[in-house]
Amino acid sequence: MDISTAAVAELVKKIVAEMQGAPIKGANEIPVGISNRHIHLSKEDLETLFGKGYELTPMKDLSQPGQYACKETLTLIGPSMRAIEGVRVLGPLRKVSQVEISATDSFQLKVKPPVRESGKIEGSAPVTIVGPKGTVSLKEGCIIANRHVHMSPDDAAAFGVQDGDYIDVDVLSGTRKSRWFDVQIRVHKDFRLEMHVDTDDANSAGLKNGSIVTVVK
């Protein structure tokens, strides 16, 4: 059976797209990345915690280009006075410090963080960060990150969505099938296709890094 040149070209296009992790026409699957508790720091707070002139030490690149885990870890303390130690700092530095935890963490710390988009910290929970050289008490900045999907503009076009849209996804690849509603779409030219959930969500559905969720059409 002969295969037309056009058919071969289309097959090659699909294979290349799959190898590059890009969505192909008709695809509705998104890989999952699990986000553990972590801290984003401003330059001012970094120097308070580690000393004047201190610079972060990159340890491992994260899935999103330009983001990385650092060797530095810190301690969180809430009103319970029960500490959570070894909380990883992520780079690069931000204009304002932010702490992202899970609901389970909030019970230990006795804080009440809202579920928010990263960067939307106005009116969020206070928390204290302890470092080797000093302490920073944030009046606001502690959140539980909402479920969201990172997409490039090409990804967004393929899925038929725009930045700020919300979608529903079926979670079928874990040990506990479920459906998640109101997952936020975040589009940027530097983003790589991936849905981010915290450890509570991942554990509740039995997901691992690289598990697949399916967009509900």
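Residue-level check: of (1) closer than 19 Å to A145 by Cβ; (2) surrounded by 13 or more Cβ atoms within 10 Å (Cβ to Cβ); (3) not small (G, A, S), N209 misses just (2). For the stretch 127-146, the tally of residues that are assigned to a strand (DSSP E or B) and either in contact (Cβ under 8 Å) with a residue 40 or more places away in the chain or farther than 26 Å from F50 by Cβ (or both) stands at 12.
Only one residue in D200, D170 is surrounded by fewer than 18 Cβ atoms within 10 Å (Cβ to Cβ), under 23 Å from I84 (Cβ atoms), in contact with a strand residue (DSSP E or B) (Cβ under 9 Å, 6 or more places away or on another chain) and modelled with pLDDT of 95 or more, so which one is that?
On the way: D170 fails: under 23 Å from I84 (Cβ atoms).
Residue meeting the stated conditions: D200.
When every residue of the stretch 132-143 is checked against the conditions, at least one turns out to be in contact with a Gly (Cβ under 7 Å, 6 or more places away or on another chain), of a type outside the set (G, A, S) and over 30 Å from I185 (Cβ atoms). Does at least one position in the stretch 147-159 carry a residue that is within 20 Å of G78 (Cβ to Cβ), touching a residue at least 40 places away in the same chain (Cβ under 8 Å) and touching an Asp or Glu at 6+ places or on another chain (Cβ under 6 Å)? Looking through the stretch 147-159, none of the residues is within 20 Å of G78 (Cβ to Cβ), touching a residue at least 40 places away in the same chain (Cβ under 8 Å) and touching an Asp or Glu at 6+ places or on another chain (Cβ under 6 Å).
Of the strands (runs of 3 or more DSSP E) lying entirely inside the stretch 150-217, those containing at least 2 residues that are within 26 Å of S106 (Cα to Cα) span 166-171, 178-187, 194-198.
For I121, state whether it is in contact with an Asp or Glu (Cβ under 6 Å, 6 or more places away or on another chain) and more than 17 Å from H196 (Cα to Cα). Yes; evaluated as a whole, the condition is true for this residue. For the stretch 85-108, a residue qualifies if it is surrounded by fewer than 22 Cβ atoms within 10 Å (Cβ to Cβ), over 15 Å from the mean Cα position of the chain (by Cα) and not hydrophobic (A, V, I, L, M, F, W, C), and the qualifying residues are E85, G86, R94, K95, T104, S106, Q108.
The values are calculated or read from the model by the stated rules, or taken from the named source; none is laboratory data. None of the values given here were measured: they were computed from a predicted structure. Every residue, glycine as well, gets a Cβ built from its backbone with ideal geometry; the counts of neighbours run over all protein chains shown.
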